[in-house]
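Notes follow once the structure below has been shown.
Every number here is computed from the coordinates shown, using simple stated rules; none is lab data. Predicted, not measured: the structure shown is a model, and the values here were computed from it. Methodologically, a virtual Cβ is constructed for each residue, glycine included, from the backbone with ideal geometry; neighbour enumeration extends over all protein chains shown.
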Amino acid sequence: MKPVIFVLILSMSAFPQEPEEQKPIEPLSKATADDLAKGKRIFAGHCAPCHGPAGNGGQGANLAQPRLARAPNDQSLFEVIKKGIPGTEMPTAWQMIDREIWQTAAFVKTLGQLPPEIVPGNASRGRALYFGKGSCQACHSIHAEGGKLGPELSEIGIRRSAAHLRQSILEPEADFAERFLFLRVVTRDGKSFTGVRLNEDTFSVQMMDTGENIRAFWKHELKQVEEMKGKSPMPSYKGTFTKDQIDDVVAFLVTLRGEK
Amino acid sequence: MRWAIALAFAGALAAPAQNVSWERILNSDKEPGNWLTYSGNLLGHRYSKLAQINVSNANRLRPAWIHQIGEAHKFETSPIVVDGMMYITEPPGMVVALDLKTGRPVWTFKHPLPTDLRLCCGQPNRGVAVLGNLVYYGTLDARLIALDIKTGRKVWEVVMAEYKKGFSGTGAPLVVKDKVISGIAGGEFGVRGFIAAYDAKTGKEAWRFWTVPVPGEPGVETWGLESWKTGAATTWLTGAYDPETNLVIWGTGNPGPDWNGDVRPGDNLYSDCVIAVDADTGKLKWHFQFTPHDVWDWDAVQVPILAEGVVHGQKRKLLLWANRNGYYYVIDRVNGQFLHGKPFVKQTWSKGLDDKGRPIVIPGTAPSIDGTKVFPDIGGGTNWWSSSYSPQTNLYYVAARESGAIYYKGEADFKEGSLFNAGGARQIPDDRSGAIRALEPSTGNLAWEFKLLRTPGAGILTTAGGIAFTGTSEGDLIALDAKNGKLLWRFRTGGSVNSNAVTYLHEGKQQIAMTAGKGLFIFEVE
């Protein structure tokens, strides 16, 4: 028995585990105009490419709202910027010193203090247009119902601003996410498939074709892989909806905030 | 009596020595059945004379066994193989001895790490060194540790530098004669870089070469505004040794802080250099700086490759170096004289190199407050993973990255032990790719390339079987024909490859070992 105790004591004293340095940050409200200007500049360079110049969403989440799902308080906002979000495209900010992260966080917080966007239009009329004249559900799903080719829209009201949604309906190719790259492949025996790329590496490509079938190919089996970069399978609704109807559809989409 | 007989019998059966003399390391090319030093030989070639696995049977490579690690950190180790045993490091701080016959660990050593480590970029370790009956490795809290090769018990431990100042150990040490030589990491913390040699038996420091001069030393005039105080120039990879000149040849990293050169006017010696120091004294013999006054973070932290060749019609002793800044260099390894240079990837920051090898920087390519687009990106045209030189094909092999970035200039406040960066960069998502390239060593001209969809993160092993062995960041291990780049074999591991392969014989049969994801994969021909 004794040797065991001895070893335990030894190991505890020989390997002191120092407490992790997790100093609470200064409240973001203490940021000066100069701090906010620096934060804004960093945001423009590092964050805006995904979150949009005004922070109201793009490839990344809409940050221009009073409460952020992943960062409900100052500390968590700082941590999310510093450490990124594993499993997503949100990277760590290893190049930034803590002060820069703090300045960026303070600026991000100001985005949520902007007055909420006024969205004209009628959401319930928009809902009818979405499922009726627009047939949006052919490609998009809400709460797992609808098509599988296009982006899922259950939380689109959190992820995108109304202006961004309006633009996507009128000009789908203006800001097209790489994740939904449209592909056409031709096999060596002449069969052709078009669809959305699911994955690709040096040797293979995986896609969902327009019939929602998952198809995988070795590249050596293919005669041609055509990447339709910047092209979207989604049509512009400019001629389909009237101006008021577009307002209605946007008003409906803005209500999609994750809750059923 | 029975015991004595049994012991004698056991000795006659196995007799694996696991005792590695300096002569064995110096002549490692003569025993390709083992892998005794980081790059296979001291010249940095990462080339093996083994030819059992070759262009005609590589398509029959199959896994013999796989060793998995428990941690999610990048698994960058380059194994050392001695007489039937394999020695690897596992992130963040372990050494494991694996029996080659069964693939099972026979001992494990775990160095306890403090929780307040100062690291910029994950918790990697790239491997061990061996000499005599000891195994050496560096730790993330900047210690150098020697373990008994048969038991893994600690024999000595020295503090190379104070980790709380930002120092860490990630690269494999290099044994030269009776010394263990190690570099140090911490270039993003404004530390003072060095390489140091320790007595292999006792751990007593024999010499130390500081890569940033202080007042009174030559080179300090290249650091304006007293910026030598935070110069960095760390040495976080393994160098090479030239027995003909008795020189240890080693690469150095970025000057501190990154991305804002305004606070450190001058060339910033010896950052982004190759340095050659006397193996016995640590005295600097020559240096060559690839990127003077670097503002992009292009550490010259690559493995030096020492070879012979004809340049400008003259037979020379050469140092071959594909650098993170996008240029391939040919340097005289006796005196450090620049002989030739040529881009091996797309670069947009310089018009070329002058006749001394100094880059002619294009104005307006430095990082700026609003961002400056430059190729290559922070990761560079290549990075720490090993290039390879095959005497059989007389080609130089490099895993090349084609990628640009928007570079930003910021401000840095130095605080000891804290990240000391001044800006950063954002990668450009479109227009990124990679390639395995074979270059003619004397000219840097492209002999062939094998294109990769994404930028690679793994080094290259070449063999007398005519194979170039490497991996992709998408998770494939691949064997290429070293003569023409034709794909011979591919194996989907499912994890990004961030390491260098080694090869050796197990019971007379050639095996290849390389990590991918969280696994160490051992292959042989079926």
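The table for this structure:
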{"quantity": "Ranked packing of A:121-131, B:477-487, most packed first, by mean Cβ within 10 Å", "calculated": "B:477-487, A:121-131"}
{"quantity": "Relative contact order of the stretch B:386-499, defined on C-alpha pairs under 8 angstrom at six or more residues apart (%)", "calculated": "23"}
{"quantity": "Those trypsin sites (Lys or Arg not before Pro) in the stretch B:341-392 that DSSP places in a loop and that have at most 11 other beta carbons within 10 Å", "calculated": "B:LYS356"}
{"quantity": "Between the stretch B:434-474 and the stretch A:225-260, the Cα center-to-center distance that results, in Å", "calculated": "45"}
{"quantity": "Proportion of all alpha-carbon pairs of the stretch B:280-383 beyond 22 Å (%)", "calculated": "33"}
{"quantity": "Efficiency of FRET between A:LYS30 and A:LYS83 - r from beta-carbon atoms, R0 22 angstrom, step 0.05", "calculated": "0.50"}
{"quantity": "Relative contact order of chain A, defined on C-alpha pairs under 8 angstrom at six or more residues apart (%)", "calculated": "19"}
{"quantity": "Cα shape, the stretch A:34-134, gyration tensor, a/c 1.5 rule", "calculated": "prolate"}
{"quantity": "Neighbour-limited loop hits for GluC sites (Glu not before Pro), the stretch A:176-260 (at most 16 other Cβ within 10 Å; DSSP other than H, G, I, E, B)", "calculated": "A:GLU212, A:GLU259"}
{"quantity": "Neighbouring partner chain Cβ atoms per residue of B:112-122, average, 10 Å criterion", "calculated": "3"}
{"quantity": "Rounded to whole Hz, the Karplus (6.51, -1.76, 1.60) HN-Hα couplings of the stretch B:184-199, x for glycine and proline", "calculated": "8, 10, x, x, 9, 10, x, 6, 9, x, 6, 10, 9, 10, 10, 4"}
{"quantity": "Distance (nanometres) between label positions extended 7 Å along Cα→Cβ at B:ASP354 and A:ARG67", "calculated": "6.3"}
{"quantity": "Backbone N under 18 Å from the B:TRP22 label point (7 Å along Cα→Cβ), restricted to the stretch B:120-145", "calculated": "B:129-136"}
{"quantity": "For the stretch B:320-364, convex hull volume per residue from C-alpha positions, Å³", "calculated": "66"}
{"quantity": "Descending principal axes extents, the stretch B:32-525, alpha-carbon based, whole Å", "calculated": "60, 47, 44"}
{"quantity": "Kirkwood hydrodynamic radius of the protein assembly as shown, Cα pairs, Å", "calculated": "28.5"}
{"quantity": "Centre separation in Å (Cα based) which lies between the stretch A:23-48 and the stretch A:99-128", "calculated": "17"}
{"quantity": "Options A:ALA61, A:VAL80, A:PRO91, ranked by Cα towards positive dipole end of the stretch A:50-128, top entry (Cβ charges)", "calculated": "A:ALA61"}
{"quantity": "Cα gyration tensor shape for chain A, rounded if a/c is under 1.5, else prolate or oblate", "calculated": "oblate"}
{"quantity": "The protein assembly as shown - charge dipole about Cα centre, Lys and Arg +1 at Cβ, Asp and Glu -1, debye rounded to 20", "calculated": "1260"}
{"quantity": "Shielding by partners - mean other protein chain Cβ count within 10 Å, residues of B:406-416", "calculated": "3"}
{"quantity": "The stretch B:235-323: trypsin sites (Lys or Arg not before Pro) in DSSP coil with no more than 13 other Cβ atoms inside 10 Å", "calculated": "B:LYS283"}
{"quantity": "Compactness index (Cα Rg / 2.2 N^0.38 Å), the stretch B:50-123", "calculated": "1.40"}
{"quantity": "Hydrodynamic radius of the stretch A:109-161 per Kirkwood, over alpha carbon pairs, in Å", "calculated": "12.8"}
{"quantity": "Extended-chain gain in nm, criterion 0.36 nm per residue less alpha-carbon gap, B:GLU205 and B:THR108", "calculated": "32.3 nm"}
{"quantity": "Of B:PRO63, B:SER48, B:VAL502, farthest towards positive along the dipole that unit charges on Lys, Arg, Asp, Glu beta carbons give the stretch B:32-525", "calculated": "B:PRO63"}
{"quantity": "For the stretch B:273-284, 3J(HN,Hα) per residue [Karplus equation, 6.51 cos²θ - 1.76 cosθ + 1.60, θ = phi - 60°, Hz, x = Gly/Pro]", "calculated": "10, 9, 10, 10, 10, 5, 5, 8, 10, x, 6, 5"}
{"quantity": "Sequence-separation-based contact order of the stretch B:32-525, relative, with Cα cut under 8 Å and 6+ spacing, percent", "calculated": "15"}
{"quantity": "Whole-Å distance, taken between Cα centres, linking the stretch B:498-520 and the stretch A:145-203", "calculated": "40"}
{"quantity": "Virtual spin-label span in nm between A:HIS220 and B:LYS373, 7 Å along Cα→Cβ", "calculated": "3.7"}
{"quantity": "Kirkwood hydrodynamic radius over Cα pairs of the stretch B:56-212, then Stokes diffusion coefficient at 37 °C and 0.692 mPa s, in µm²/s", "calculated": "202"}
{"quantity": "Size of charge dipole - chain A - debye, nearest 20, with Cβ of Lys, Arg +1 and Asp, Glu -1, no other charges", "calculated": "340"}
{"quantity": "Shielding by other protein chains, A:198-204, mean Cβ within 10 Å", "calculated": "6"}
{"quantity": "Estimated inter-spin distance, A:GLN167 and A:ILE118, nm [label 7 Å along Cα→Cβ]", "calculated": "2.2"}
{"quantity": "Cys with no candidate disulfide partner in the protein assembly as shown (beta-carbon separation under 4.7 Å rule)", "calculated": "A:CYS47, A:CYS50, A:CYS136, A:CYS139, B:CYS273"}
{"quantity": "Rounded to the nearest 20 debye, dipole of the stretch A:182-228 from Cβ charges on Lys, Arg, Asp, Glu", "calculated": "140"}
{"quantity": "Residues with amide H under 5 Å from that of B:LEU395, placed H, sequence gap 5 or more", "calculated": "B:SER390"}
{"quantity": "Viscosity 0.692 mPa s, 37 °C: Kirkwood-radius Stokes-Einstein D of the stretch A:182-228 over Cα pairs, µm²/s", "calculated": "320"}
{"quantity": "Aspartates and glutamates whose Cα lies under 15 Å from that of A:LYS238, excluding same-chain neighbours fewer than 8 positions away", "calculated": "A:GLU171, A:GLU173, A:ASP247, A:ASP248"}
{"quantity": "Rounded tilt (10° steps) of B:2-13 against the dominant C-alpha axis of chain B", "calculated": "50"}
{"quantity": "Residues of type lysines that B:LYS409 reaches as a straight line, Cα spacing below 19 Å, ignoring anything fewer than 8 places off in the same chain", "calculated": "A:LYS38, A:LYS40, A:LYS82, B:LYS373"}
{"quantity": "FRET E, pair B:ASP29, A:LYS231, Förster distance 60 Å, beta-carbon r, rounded to 0.05", "calculated": "0.65"}
{"quantity": "Additional length obtainable on full extension of the chain from B:LEU446 to B:GLU217, 0.36 nm per residue less Cα span", "calculated": "78.3 nm"}
